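Note sheet for the following structure.
The values are calculated or read from the model by the stated rules, or taken from the named source; none is laboratory data. Remember, it's a predicted structure, so these values are computed and weren't measured experimentally. Glycine gets a Cβ as well: all are built from the backbone with ideal geometry, and neighbour counts include every protein chain shown. Surface areas here come from the heavy atoms of the whole protein model, side chains and all, with no ligands, DNA or RNA. Shrake-Rupley method; radii C 1.70, N 1.55, O 1.52, S 1.80 Å.
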Amino acid sequence: MNIDNLLNVNLIPHAISLISAYAIAVFSLLYGKLTREKILLALICVTWTMISWAFISHNLITDFTLLLKTERYIHSVIVFVPVITLYLFQTICETHNRRILFLSVLTSIILSVFTHTNLYFYGFNAYPWGIVAKPGPVFHVFMVYAGILTLYTYHIFTEKIKKETNPVIILKIKYFFISFLLSALLSFFNFPSTMGINIYPLSAFIFIPLWILAYGIFQPKVKDINWFFLQNFNLLTIAFLFL
């Protein structure tokens with residue numbers, strides 16, 4: 001265990017992501033009436049930022065066997081991100097396809113089992129800024145699965161926008177979809193480093209789509225939501241002063 005490595009400046013975006021995610025999750029669960037949408041938002045905040053715990057563990061754990069086991073446990077949760085995201089989007093759009101949702105849950109459960117084997121991760125790639133797990137074939141299956149649900153989410157978005165007439169709901173859907181696409185783009189830039197290409201994983205900045213998502217959901221309801229985001233912006237500014 002190496003506590004000194006927590007001072008690594010590369011961990012600052014991950015710390016901001018975690019602080020932002022848990023702040024939004026708590027706010028979502030405690031403010032007003034508890035709804036399915038708010039519970040799912042809290043789950044997304046937790047699951048979207050699980051990758052940040054992986055990078056923090058890379059700087060704390062020196063035993064590679066323990067580190068690989070930790071990485072696998074974290075990804076046993078991450079494989080549920082696509083289905084949780086899909087469920088929230090279906091809830092916002094009031095468009096529920098139970099068959100696809102069931103198949104997605106089943107796929108995530110199967111993938112979660114395989115995360116604890118060498119078929120998912122089997123080692124690490126080392127870079128000047130840190131290390132990244134080497135993917136096995138099941139990890140690539142997860143990437144394909146996530147890509148398919150991304151395309152399906154886009155289909156839901158286009159169909160809902162065509163039919164919806166309420167401008168408040170349309171705006172909320174647009175905020176969510178922008179957030180979703182940005183998170184998918186940031187996650188995509190994790191892939192090169194897993195394949196041995198020296199590119200810093202941009203999922204460290206997952207707090208940006210989380211802010212957009214939370215703003216889109218709460219903005220019509222919360223008068224002081226601008227104060228909440230101002231505090232997060234100030235945190236971000238202070239962090240970058242240390243980079």
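Some points to look at:
- All positions within segment 15-60 that are buried (at least 21 other Cβ atoms within 10 Å of the Cβ) and not in a helix (DSSP H, G or I): 49
- Output for segment 192-220, where each listed residue is under 24 Å from residue 134 (Cα atoms), in contact (Cβ under 8 Å) with a residue 24 or more places away in the chain, more than 11 Å from the chain's Cα centre (by Cα) and open to solvent by less than 60 Å² (accessible area, probe 1.4 Å): 193, 194, 196, 200, 201
- Test: residue in segment 130-139 that is part of a helix (DSSP H, G or I) and surrounded by 13 or more Cβ atoms within 10 Å (Cβ to Cβ): yes
- Annotation: of all residues in segment 61-72 being part of a helix (DSSP H, G or I) and surrounded by fewer than 17 Cβ atoms within 10 Å (Cβ to Cβ), the one that is nearest to the chain's Cα centre (by Cα) is 69.
- On the stretch given as segment 151-164, residues that are buried (at least 18 other Cβ atoms within 10 Å of the Cβ) and among the β-branched types (Val, Ile, Thr) total 2.
- Scanning segment 76-96 for any residue that is touching a Pro at 6+ places or on another chain (Cβ under 8 Å) and on the phi < 0 side of the Ramachandran plot turns up nothing.
- Selection from segment 102-119 of residues that are open to solvent by less than 30 Å² (accessible area, probe 1.4 Å) and closer than 29 Å to residue 178 by Cβ: 104, 108, 111, 112
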